[in-house]
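Enquirer: Below is a structure I'd like to ask you about.
The values are calculated or read from the model by the stated rules, or taken from the named source; none is laboratory data. What you see is a predicted model, and the numbers here were worked out from it, not measured in a lab. Note that each Cβ is placed from the backbone with ideal geometry, even for glycine, and that neighbours are counted across all protein chains shown.
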Amino acid sequence: MQLLVNIDHIATLRNARGEGYPDPVEAATICEQAGAAGIVFHLRGDRRHIRDEDVKNLKNSVNGILDFEMAATNEMIEICLHTDPDLVTLVPEGREELTTEGGLNMETVFDDFQDRVIPAFRGTGITTSLFLDPNLKDIDLAHEVGADAIELHTGTYANADTKEEQNHELQRLVKAAERIHEKGMRVNAGHGLNLENLPLLIDNVPHLADVSIGHALISKAVYWGLEKTVKEYLKIMSGKS
């Protein structure tokens, strides 16, 4: 199991004043030095946080896994292929949303992904991951189009209001992870995870590989600093907390 840190909101803070700092690349370096296995960024169509120059600079500076999160538009596919990250995570993207609100609807995108999107990455060495809710049908369709990995959307689990709702979502994630593994794909996870809800997830959901954490980690780092915060997450993931 590996920690990938999403540094989008370092860029959000930078862009709030239009200054050149804080620098997402510097943040990425600190996270890697603290033990993170890699860095995630989401280049959105509206460039609300990460910008094109950040993508280039991150490619040149990140030593571990570089995960390019994006909508499956022709523009983003072209940028991604030029960047050549280790991993591309394909997500739905709505202009009015504050953050990614759910997984891809595979029935809706199946033909497009089968004919245009997934073939664009074949033979490039870039691992393709699809961001999905823990629905078995979606997972089966993702396997059919040729995805290498699935990032399970953990937001519903993370935002559950009651223990009953949380346990229900946890069991859905367990079944989804087992199906992904059975299909020979890599099991990744992310969205809404924090220091409080991560331990239960990793104690129960099998086969987890890359766990992507952004907003909660960056928020806690305002008080603790990036190095300490990354190390606290790594303690949980190693079972030493």
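Enquirer: Could you please find all residues in the range 154-179 being of a type in the set (Lys, Arg) and surrounded by 14 or more Cβ atoms within 10 Å (Cβ to Cβ)?
Expert: At the first step, the residues of the range 154-179 found to be of a type in the set (Lys, Arg) are 163, 172, 175, 179.
Answer for the range 154-179, where residues must be of a type in the set (Lys, Arg) and surrounded by 14 or more Cβ atoms within 10 Å (Cβ to Cβ): Arg172, Lys175, Arg179.
Enquirer: Between a residue in the range 148-171 that is β-branched (Val, Ile, Thr) and any residue that is assigned to a helix (DSSP H, G or I) and at pLDDT 95 or above, which pairs come within a Cβ distance under 7 Å, given they are 6 or more apart or on different chains?
Expert: Hits for this filter: Ile150/Ile139; Ile150/Ala142; Ile150/Ile180; Thr154/Leu173; Thr154/Leu201; Thr156/Glu169.
Enquirer: Something else now. In the range 48-97, which residue that is at pLDDT below 95 and farther than 19 Å from Glu151 by Cα is surrounded by the most Cβ atoms within 10 Å (Cβ to Cβ)?
Expert: Within the range 48-97, the match that is surrounded by the most Cβ atoms within 10 Å (Cβ to Cβ) is Arg48.
Enquirer: Kindly provide the set of residues from the range 28-44 that are out of contact with any helix residue (DSSP H, G or I) (no Cβ under 7 Å at 6 or more places or on another chain) and either buried (at least 21 other Cβ atoms within 10 Å of the Cβ) or over 20 Å from Val222 (Cβ atoms) (or both), ordered by number.
Expert: Hits for the range 28-44 are Ala37, Gly38, Val40, Arg44.
Enquirer: Can you say whether Val222 is outside any loop (DSSP other than H, G, I, E, B) and either of a type in the set (D, E, K, R) or surrounded by 13 or more Cβ atoms within 10 Å (Cβ to Cβ) (or both), as far as the supplied structure shows?
Expert: Here the answer is no, as Val222 does not meet what is asked.
Enquirer: Considering only the range 1-27, state which residues are among the charged types (D, E, K, R), closer than 14 Å to Ile218 by Cβ and assigned to a loop (DSSP other than H, G, I, E, B). Spell out the reasoning first.
Expert: Step one: of the range 1-27, the residues among the charged types (D, E, K, R) are 8, 14, 17, 19, 23, 26.
Retained after the next criterion (residues that are closer than 14 Å to Ile218 by Cβ): 8, 14, 23, 26.
Listed by number, the list holds a single entry, Asp23.
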